[in-house]
Amino acid sequence: QVQLVESGGGLVQAGGSLRLSCAASGSILSINTMDWYRQAPGKQRELVASITNGGNTNYADSVKGRFTISRDYAKNMVYLQMNSLKPEDTAPYYCHADRIVARDYGLPRYNFWGQGTQVTVSI
């Protein structure tokens, strides 16, 4: 079955960098849009960045110019390069795929989530 697994989180000082990775596994034929979300304690889940299967990207205003989303279509992976990190970036970060076609499925299936990877930015 299809799974999304994130990695690359950790503890960094303000101004530092981290690179998050998300691997989609399974007998995948195609993935539409892949996204990164974060959810700070007590707050709603926020869309940080997205990338379509055509390579178009979008970013939250709070991270624009600091974060870069990229994708390896052949490997079914998506990345988030985070530079100039701030304490307010601290949150679990979640990988998301909106639509996946896999060999084991009939119709496409929707709304896949990873379990999250923690990013903590200290002063």
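Couple of notes before you dig in:
- Relative contact order, whole percent, for the range 29-91 stands at 26, derived from Cα pairs under 8 Å and 6 or more residues apart.
- Overall, the range 1-62 carries a charge dipole of about 100 debye about its Cα centre when +1 sits on the Cβ of Lys and Arg and -1 on the Cβ of Asp and Glu, all other atoms neutral.
- Karplus-based coupling profile of the range 65-74, in residue order and whole Hz: x, 10, 10, 9, 9, 9, 8, 10, 5, 5, with θ = phi - 60° in 6.51 cos²θ - 1.76 cosθ + 1.60 and x standing for Gly or Pro.
- Accessible area per residue in Å² at 1.4 Å probe, computed on the chain: 53
- The charge dipole of the chain, taken about its Cα centre with unit charges on the Cβ of Lys, Arg, Asp and Glu (plus for the first two, minus for the last two), comes to roughly 80 debye.
- For the chain, the calculated P(r) over all alpha carbon pairs, in 5 Å bins from 0 to the bin holding the longest distance, is 2, 12, 23, 24, 18, 10, 6, 3, 1, 0 percent.
- Fully extended contour minus Cα-Cα distance, from Asp104 to Ser84, at 0.36 nm per residue: 3.0 nm
- Rounded percent of accessible protein surface that carbon and sulfur make up, the range 15-87, 1.4 Å probe: 45
- Alpha-carbon radius of gyration plus Dmax, which is the widest Cα pair, for the range 1-48 in Å: 13.8, 39
- Heavy atoms of Asp61 accessible to a 1.4 Å probe, total area in Å² rounded to 10: 140
- Filtered trypsin sites (Lys or Arg not before Pro), the range 49-123: DSSP coil and at most 11 other beta carbons within 10 Å: Lys64, Lys75, Arg103
- Under 17 Å from the Gln1 label point (7 Å along Cα→beta-carbon), backbone N, the range 84-114: 97, 99-114
The values are calculated or read from the model by the stated rules, or taken from the named source; none is laboratory data. Predicted model, so just to flag it, every value in this text is computed and none were measured. With ideal geometry, Cβ positions are generated from the backbone for all residues, glycine too; neighbour counts draw on all protein chains shown. Ligands, DNA and RNA are excluded from the accessible area calculation, which covers all protein heavy atoms including side chains. Shrake-Rupley method; radii C 1.70, N 1.55, O 1.52, S 1.80 Å.
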